[in-house]
Amino acid sequence: MHNATIKSLSAELAARKLSSVELAKHFIKRIKVLNTKYHCFITLDEEASLKQARAADRLRAAGSGQPLTGIPIAQKDIFCTRGWLTTCGSRMLSNFISPYDAHVVERLNAAGAVNIGKTNMDEFAMGSSSETSYYGPVRNPWDVSTVPGGSSGGSAAAVAARLAPGAIGTDTGGSIRQPAALTGICGLKPTYGVVSRYGMVAFASSLDQGGPMARTAEDLALMMNIMAGFDARDSTSLEREREDYTRELGKPIKGMKVGLPKEFFAKGAAPGVVKAVEAAVAEYRKLGCETVGVSLPNMELSVPVYYVLAPAEASSNLARYDGVRYGYRAPEYSDFTDMYKKTRAQGFGAEVKRRILIGTYVLSHGYYDAYYIQAQKVRRLIARDFAEAFKRCDVIMGPTSPTTAFKIGEKAGDPVQMYLSDIYTIAVNLAGLPGMSIPCGFDAKGLPVGLQIIGNYFAEARMLNVAHQYQRATDWHTRAPKGIEVN
Amino acid sequence: MALTLDDVKRVAHLARIAIDEAEAQAVLSQLNDVFKLVARMQAVDTRGVEPMSHALDLVQRLREDAVTESDQHSLFQSVAPHVEGDLYLVPKVIE
């Protein structure tokens, strides 16, 4: 049951061969046993999950089931979920029971999906390893001494360990794609503005975007059909016609032009990663695609640009945590300012504080033009590189991450090394483009490698089919880590 | 240009984060590493390039000037650290 895809579980639920309650109980049992090993989840609420499952069974019985009705979905703990603890991986929100639902959560609820639990993550989504969580690090099911990537590491590890058939994540600089790559699953970051940010705890608002994580491209498409859509409460939500993200699935991709940016293959990526990605590209040639060399000359500037813009936006967004209206407040303080300072010193972890300090500095008097405005200008140059590249190709491919999963603790003391693990993903957020990662093999250590597929604005449906065609021809996406069996 | 210990303390004050001497020292070297990385971007010639603040360069949507929110203050205050008589309690601000 737990190896089945959302699509096949949905068919079984529709055929009444399986009930939502049975399905929820099966995953809850697995989570109870395996969560001690992987620390994927921060909060479980068995009663709440089963209540949703019972409601889903009633919907199915009444003939009003949709594809996600009764499907257990894990929610990254960055999504506000009414009545559930919503911590964002931080002590600052360690007592925050959300009084409202994020737009994405509302939509999943309306579709009859079952929230199976809230997943662990880097604190306030700031990290590439899921180690900065106040609740302790998530472990990669492929090797528990390694990280699952981040920041949506709990969601990724939960899907990889078959603790949920799908999960929702967020991606500001690679936080869906990089953990998907490191845990051997699929993840999609949509075009900026396609999924509402309402109720998604804000990190860097001009880059944050929610998206689906699952084991197949088809399942991502089913989730996108629910998650995407206009929401007036997010000022950057796009008013577009509703799309069916499954509409391209099955169409031939013969003759499609795949752009290979030389910067993605030049240097820096581990040999095992390059080998698997090149093999995937060869598979696409076999499927009839044509490959063309393209260049993203400013891509190497994406990490420096990101580490000005994202901390600047974060320092502003995280100013709201003042110990007054919600969240943590320091137990002892002398006056108002002291209450702010102690609350924030105790409530935020080291990486979050580091980024707030960077952001405050680059936005402070005398530095704004040299850092923030300059970064926004280089951001445009990076976006223009993609526009040029897409004149010559339909999709861009390359590695998602320069390495496979690294050891827990390996990069924790060196922020810059950690930041560079998002070298291939960050530019996509800066440009606002859709990007996804799908499994494409393993390195010599047996750790999964992710293939990144980048499309032009609003090309999600086409990208999902590009991934789907690969998954029809290969079986990497069906591989499961050892040690996930539960008696 | 490297940051100084005073810069770190000043910025921590602006950000309202209490920081002690040892912590400030440790953060200083990490921030300088980050700014070394950031320096790569500062050398780029961006004359004539418009700053990009949004991926799709959208204009802000306008809405009717109408009340759309219902009163949920008791729900929202149920998660506040200290509330009395529908008011958020904070330390004395004005003597």
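Summed over all non-identical Cα pairs, the Kirkwood treatment of the stretch A:6-255 gives a radius of 17.6 Å. Think of it as helices only: each DSSP H run of n ≥ 4 in chain A is worth -39500 (n - 2.57), and spread over all residues that comes to -11500 deg cm²/dmol at 222 nm.
Distance between the 7 Å Cα→Cβ label points at A:K445 and B:V90: 4.8 nm. In a solvent-free Debye calculation with one equal scatterer on each Cα, what is log10 I(q)/I(0) for the stretch A:1-118 at q = 0.14, 0.15, 0.23 Å⁻¹, listed in the order of the q values? Each listed q corresponds, in turn, to -0.57, -0.65, -1.31. A simple spin-label model places the labels of A:S8 and A:E332 5.9 nm from each other, with each point 7 Å out along Cα-to-Cβ.
Other protein chain C-beta atoms within 10 Å of residue C-beta, averaged over B:77-84: 5.
Taking 0.36 nm per residue of separation and subtracting the Cα-Cα distance, full extension of the segment from A:M1 to A:A266 would add 91.2 nm.
Once the Cβ-Cβ distance of B:Q72 and A:E47 is raised to the sixth power relative to R0 = 30 Å, the FRET efficiency obtained is 0.80. Between A:K32 and B:L58, the FRET efficiency estimated from the beta carbon spacing at R0 = 35 angstrom works out to 0.20. Using only Cα positions of the stretch A:211-323, each an equal point scatterer, no hydration layer, compute I(q)/I(0) via Debye at q = 0.15 Å⁻¹ and quote the log10 values to two decimals. Results for the stretch A:211-323 at q = 0.15 Å⁻¹ read -1.14. Over all other residues within a Cβ to Cβ distance under 9 Å of A:F124, the charged ones net out to -2, with Lys and Arg as +1 and Asp and Glu as -1.
If eta is 0.890 mPa s and T is 25 °C, what Stokes-Einstein diffusion coefficient results for the stretch A:146-295, Kirkwood Rh from Cα pairs, in µm²/s? After rounding, the answer is 145 µm²/s.
Each 10 Å bin, from zero up to the one with the longest distance, holds this percent of the alpha carbon pairs of chain A: 4, 22, 33, 27, 12, 2, 0. From the square roots a ≥ b ≥ c of the eigenvalues of the alpha-carbon gyration tensor of the stretch A:260-312, which class results: rounded (a/c under 1.5), prolate (a/b over b/c), or oblate? Judged from the Cα gyration tensor, the stretch A:260-312 comes out prolate (a/c at least 1.5, a/b above b/c).
Full extension of the chain segment joining B:A2 with B:E50 gains 14.5 nm, where the gain is 0.36 nm per residue of separation less the Cα-Cα distance. Setting aside same-chain residues fewer than 8 positions from A:K262, which lysines have a Cα under 24 Å from its Cα? Partners found: A:K189, A:K254, A:K275, A:K286, A:K377, A:K391.
A full extension of the chain between A:K254 and A:Q417 corresponds to an added length of 54.7 nm, given 0.36 nm per residue minus the alpha carbon distance.
For A:K17, a cut-off of 14 angstrom between C-alpha atoms picks up these aspartates and glutamates, skipping any fewer than 8 places away in its own chain: A:D57. Residues A:E410, A:E131, arranged from fewest to most other Cβ atoms within 10 angstrom of their Cβ, appear as A:E410, A:E131.
Which parts of the stretch A:426-451 would a label at A:K275 reach, counting a residue when its backbone N lies under 17 Å from a point 7 Å out along Cα-to-Cβ? So the set is A:440-451. With a cut-off of 10 Å between beta carbons, the residues surrounding A:V138 carry a summed charge of -1, where Lys and Arg count +1 and Asp and Glu -1. Of the residues A:Y321, A:Y328, the one with the fewest other Cβ atoms within 10 Å heads the list, and the complete ranking is A:Y328, A:Y321. Using only Cα atoms, find the angle between the long axis of helix B:5-14 and the longest principal axis of chain B, and express it within 0 to 90 degrees, rounded to the nearest 10. Orientation of helix B:5-14: about 20 degrees from the principal axis. Put in order of Cβ neighbour count within 10 Å, fewest first, the listed residues A:T478, A:T216, A:T43 become A:T478, A:T43, A:T216.
Before anything else, pin down the relative contact order of chain A: Cα pairs under 8 Å, at least 6 apart, normalised by residue count, whole percent.
Over chain A, the number comes to 18 percent.
The reciprocal of the average 1/r between distinct C-alpha atoms defines the Kirkwood hydrodynamic radius, which for the stretch A:402-487 equals 15.2 Å. What's the center-to-center distance, using Cα atoms, between the stretch A:434-487 and the stretch A:165-243 in Å? Going from one Cα centre to the other spans 16 Å.
Neighbours of A:G187, meaning other residues whose beta-carbon lies under 9 angstrom from its beta-carbon, give a summed charge of +1 when Lys and Arg score +1 and Asp and Glu score -1. Remark: C-alpha extents of chain B on the principal axes read 53, 43, 25 Å, sorted largest to smallest.
Efficiency by 1/(1 + (r/R0)^6): what FRET value for B:D65 and A:Y368, r their Cβ-Cβ distance, R0 = 30 Å, to the nearest 0.05?
The computed FRET efficiency comes out at 0.40.
Read the figures in this text as sums done on the coordinates, not as results from a lab. If you're wondering where the values come from, they're calculated on a predicted model, not measured in any experiment. Reconstructed Cβ throughout: ideal geometry from the backbone, glycine too, with neighbour counts over all protein chains shown.
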